[in-house]
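A short write-up of the structure that comes next.
The values are calculated or read from the model by the stated rules, or taken from the named source; none is laboratory data. As the structure is a computational prediction, the values presented were derived from the model and not from experiment. Cβ placement follows ideal geometry from the backbone for every residue including glycine, while neighbour counts extend to all protein chains displayed.
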Amino acid sequence: MRITIALGGNALLQAGQEGTFEQQAQNARTALSQLVEMMKEHHIVLTHGNGPQVGKLHLQNELAREKTPPMPFDVCGAMTQGQIGYLLQQQLQNELLRHGIKRQVVTLITQTVVDPEDEAFKNPTKPIGSFYSAEEAKKFMAEKNEVWIEDSGRGWRKVVPSPEPRSIVEEEIIKDLVDKYIVIASGGGGIPVVLENGVYRGVEAVIDKDLAAQLLARAVGSEVLMILTDVSHVAINYGKPDQKQIGTVTTTELRRYHAEGHFASGSMGPKVRAAISFVENGGKRAIITSLERALAALNGKEGTQVIPG
Ligand code: ADP
Ligand code: MG
């Protein structure tokens, strides 16, 4: 069976951690040890977020700006695909060797096509980088045509758009690779590019990794999409006294809960949208659960299971 797995931020960097390479490698080992069992019999495509890593890289670029030119944000995206890909690829390879599983792992630099007419470009919302003074922000806005916002009294921050992922440039390659190898692709949602006058060009934007994951899952013909995060289930009335975990749910029911506003737009919202979209476009099942429950959830015993209907 083909399975696409999306790893959440906490699989690599836990809240309160400084984020050294060794910490991230240790987290990756723990995360991957949960998944290696599946790799014995299934064809796996892995994808992952890059929020904390790209934030740190962007900061390094800003701080070193006087010594060496900062790289554009799409290049930072590519760099984190390499960084996280290397980390996962090596740790996973070691874990496979330890289990005597003869599979190899490949990371693919992946570009995600977005529509230059996407409404998100008119209204950038995702803050990146550190806080600056109003004067500095105004200078950047005037000189570089950037959008900056005042962030709840804490200072000014640059914001970038978060457009919908439309297609994957390297789709055919990923499809070929997945038959033979464990593939890591579309890291950080993929590097956002637009196709203009017949050429691709990187743009300054961020793509939601869960929305990108469902596109990837569909592109490679996965039967199952697994979104692994830090909660065991999707819940309705989340955080309230009458909170209730969702077990098996049809896309119709889940769509209704979504419309009722149960899922926060910056966290659970995109996972739910991704699950619905995957199943409504031919996927057999989408699972949202925590990393530790991955295997049990694949066997239908845990987590939120989104099915057609
Ligand atoms: P990831 O890094 O895996 O993408 P996110 O923080 O973006 O993780 O999303 C997971 C978080 O979503 C959970 O930790 C939880 O706090 C939050 N969340 C918001 N609404 C819900 C809900 N209705 N049910 C479960 N979790 C929810
Ligand atoms: Mg998230």
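Structure notes:
- The residues listed here are E223, E170, E143, E150; of these, the one that is touching a strand residue (DSSP E or B) at 6+ places or on another chain (Cβ under 8 Å), at pLDDT below 95 and among the charged types (D, E, K, R) is E150.
- Members of segment 214-258 found to be part of a helix (DSSP H, G or I), away from ligand 1 (no atom under 14 Å from the Cβ) and either under 20 Å from the mean Cα position of the chain (by Cα) or closer than 30 Å to E172 by Cβ (or both), listed by number: L215, L216, A217, R218, A219, T251
- All positions within segment 147-170 that are surrounded by 15 or more Cβ atoms within 10 Å (Cβ to Cβ) and of a type in the set (D, E): E164, E170
- Wholly within segment 1-112, helices (runs of 4 or more DSSP H) carrying at least 1 residues that are more than 16 Å from ligand 2 (Cβ to nearest atom), among the β-branched types (V, I, T) and farther than 25 Å from T289 by Cα: 73-98
- Some residue of segment 119-136 being among the hydroxyl-bearing types (S, T, Y), away from ligand 1 (no atom under 16 Å from the Cβ) and at pLDDT 95 or above: no
- Selection within segment 191-203 - surrounded by fewer than 19 Cβ atoms within 10 Å (Cβ to Cβ) and in contact with a helix residue (DSSP H, G or I) (Cβ under 6 Å, 6 or more places away or on another chain): G202
- Candidates in segment 113-146 are the residues that are among the hydrophobic types (A, V, I, L, M, F, W, C) and assigned to a helix (DSSP H, G or I); of these, the one that is surrounded by the most Cβ atoms within 10 Å (Cβ to Cβ) is A137.
- Yes/no for V272 being within 13 Å of ligand 1 (Cβ to nearest atom), within 18 Å of L7 (Cβ to Cβ), within 18 Å of the chain's Cα centre (by Cα) and in a loop (DSSP other than H, G, I, E, B): no
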